[in-house]
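Report on the following structure.
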Amino acid sequence: MCGIVGAVAERNVTPILLEGLRRLEYRGYDSAGIAVLDGDGHICRVRRVGKVKELADALQQTELRGALGVAHTRWATHGEPSEKNAHPHVCNQSVVIVHNGIIENHSELREQQRREGYNFTSQTDTEVAAHQIEHYLKMQGDLLQAVRLAVADFEGAYALGVISISDRSRLVASRRGSPLVIGVGIGEYFIASDAAALLPVTRQFIYLEEGDIADIRTDSLVIYDEHGEVVEREIKESSLSSGATSKGEYRHFMLKEIYEQPSCLINILQGRLAGGQLLDSVFDEDTDGSVAEKILDQVKAVQIIACGTSYHAGLVARYWMEAIAGVPCNVEVASEFRYRKSVLPEDTLVVTISQSGETADTLAALRAIKETSNMTLAICNAPESSLVRESELKLMTRAGPEIGVASTKAFTTQLVALLMLVAALAQRHGAPADKLKALFQQVQSLHILIERVLHDKSAVEEWAEHFTDLGNAIFIGRGSLFPIALEGALKLKEISYIHADAYPAGELKHGPIALIDSDLPTIAIASMDGYEGKIKSNIQEILARGGKVYLFADERLDFSDLGENCYIMNIPAIDPDLAPVLYAVPLQLFAYYVAIHKGTDVDQPRNLAKSVTVE
């Protein structure tokens, strides 16, 4: 999940590459580097450990200019973060390479290359790729052929950008398993892991497909598919503005994205409802909805596959799917599903959820399923992603770019998207039309309730101070709010580095209550869902053992008798089916303000990256 960017132009590309890295830094920030061919055809390279700012500061001390170059921001897989392990990698002052992904057979290739006399200066799998390309370049004398032969030797995932002193105006790019786009300019081309990296220079993009190799020059672009045949890939215009990936008036991207959630929930519904009913075409927007109608009519069960925050969204959907639609639903972490022998019931719709659409484990699970079934649906925020292109049906969350590593608006829009799927299946399984219509009337008002929560955030700001010196916490919830407790615990872990676990509230007495004392706070969530009496009893059990409780509770509930060690934030009244969407927001704010008080890096927490494109 590193970020790569490259350019071939008739102007100095160093500023373009650097800005591209800034916009890709959410993909990794252990180290960064740039390499260009200067006017004399020499390779000039600068690498630094740490964030892109460290590289930018170093570039101010040197004159790095060239019309052809590649750059990289790293999330370490093979080898610690260090300058020697930073990309770009150079082989024999001839070949320069940047790489996102993992070359799984790097050990075997490394031994072979050592026997051939290659020296290694890093611990990375990428250096093996550089040597292999240089080896074939010496044999073939042509960079395109060298890359083609080399990638045939690689096992694993890669997006590659390659330049060489053998041709000063040529950039070769290839992808398999990792995303890569080509930006189309006037007399210039660019490559990047994400189109957002190139928005300052172009809005015209080509999305490479699996196995594609692109031969790029200032005046020409030729793309070959995995069989070596010349192919045409459609040029698409991005609707994103360059400013869509800036923080604007906000201190952090995460805070901006939390506050964007009301407008995101308006966007995801726009044009998708008619007379209070969901249109089948939302699952198949490239057609009239006939394919979606045919598939949804067959569904007898649902299998959801996802990772991290998206997995938590799937867990909420399981409650909805069985309670509202009456359809059996299973949810599994993608990295587990793909490696076990699974048995899917007949006519099972497989739903994959991913913010980026490039999550390696989720993609691998989808590809395995496609060998036996075409009943697949992707819920995603990236229309041109691999997950969307390879799924039969797709439902876009329309959340816009999410730069903060800790997901916020992507999560709440995933929940609403899943609720749309639940409604579509409920219509087919006998749910009363008036009940579904009433539900979506309330969905259309969700943005107003979220705005109320965002406006009245004084409680979470105050509570956050209590957590400044704490290292552990417990989250509890019941029913469909249990997955929200899981998500709240994940947010706190991700950005404040507080160890946090989440449990169904009724499970406390089966072990976790042994941990309760005055130094272990509990964050509880309670809506008017029929569980309120039960969770109140669980809170009383905690308080009786000297614990402190921070409670997010429906404003209609009276918990005032719980005493001074139970702090309460009232949440606007809402239908219990929709409570998971609303209650996610104050938990996001809570994690954010705890991180602020602890002084951590909110947008780029240690050891993490936004898009997990490697195993």
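The values are calculated or read from the model by the stated rules, or taken from the named source; none is laboratory data. Worth saying up front: this structure is predicted, and the values here are computed from it rather than measured. All Cβ positions, glycine included, derive from the backbone under ideal geometry; neighbour counts span all protein chains shown. Heavy atoms of the whole protein, side chains included, go into the accessibility calculation; ligands, DNA and RNA do not. Shrake-Rupley method; radii C 1.70, N 1.55, O 1.52, S 1.80 Å.
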Answer check: region 468-615, Cα atoms, Kirkwood Rh, Rg/Rh ratio of 0.97
Semi-axis lengths, Å, region 170-219, gyration tensor of Cα atoms, sqrt of 5 times eigenvalues: 17, 14, 7
Please list, ordered by chain and number, the residues whose modelled amide H lies under 5 Å from the amide H of residue 156; skip anything fewer than 5 residues away on the same chain. 104
Just add up the charged neighbours of residue 466: K/R +1, D/E -1, any other residue whose Cβ is under 14 Å from the Cβ of residue 466. -4
Whole-percent carbon and sulfur contribution to the accessible surface of the chain (1.4 Å, no ligands, DNA or RNA) stands at 45 percent
The size of the Cβ-based charge dipole (Lys, Arg +1; Asp, Glu -1) of region 245-369 about the Cα centre, to the nearest 20 debye, is 480 debye
Taking every other residue with Cβ under 11 Å from the Cβ of residue 330 and scoring Lys and Arg +1, Asp and Glu -1, one gets -1
Spin-label pair residue 343/residue 461, simplified geometry with 7 Å Cα→Cβ offset, distance in nm: 5.7 nm
Percent antiparallel among DSSP beta bridges confined to the chain, rounded to 5, stands at 60 percent
Only Lys, Arg (+1) and Asp, Glu (-1) charged, at Cβ; the chain dipole about Cα centre in debye: 540 debye
For the chain, whose charge dipole is built from +1 on Lys and Arg Cβ atoms and -1 on Asp and Glu Cβ atoms, the candidate among 160, 52, 181 with its Cα farthest towards the positive end is 52
Of the listed values (1) 30; (2) 41; (3) 33, grab the one calculated as percent of Cα pairs over 39 Å apart from the structure here. (3)
Give me the net charge of residue 239's neighbourhood, meaning all other residues with Cβ under 13 Å from the Cβ of residue 239; Lys, Arg count +1, Asp, Glu -1. +1
Under a 1.4 Å probe, what is the accessible area of the chain per residue, stated in Å²? 38 Å²
Taking the Cα atoms only, what angle lies between the long axis of helix 532-544 and the longest principal axis of the chain, rounded to 10 degrees? 80 degrees
Picking from 290, 266, 151, whose Cα lies most toward the positive end of the charge dipole for region 140-294 (charges on Cβ: Lys, Arg +1; Asp, Glu -1)? 266
Taking each pair of distinct Cα atoms in region 137-221 once, what is the resulting Kirkwood hydrodynamic radius in Å? 13.3 Å
Summing -39500 (n - 2.57) over every DSSP H run of at least 4 residues in the chain and dividing by its residue count gives a helix-only mean residue ellipticity at 222 nm, to the nearest 500 deg cm²/dmol, of -10500 deg cm²/dmol
Positive-end residue, region 62-144 charge dipole about Cα centroid, Cβ charges, pick of 135, 76, 106: 135
For region 147-200, with only Lys/Arg (+1) and Asp/Glu (-1) charged at the beta-carbon, what is the dipole magnitude about the Cα centre, in debye rounded to 20? 100 debye
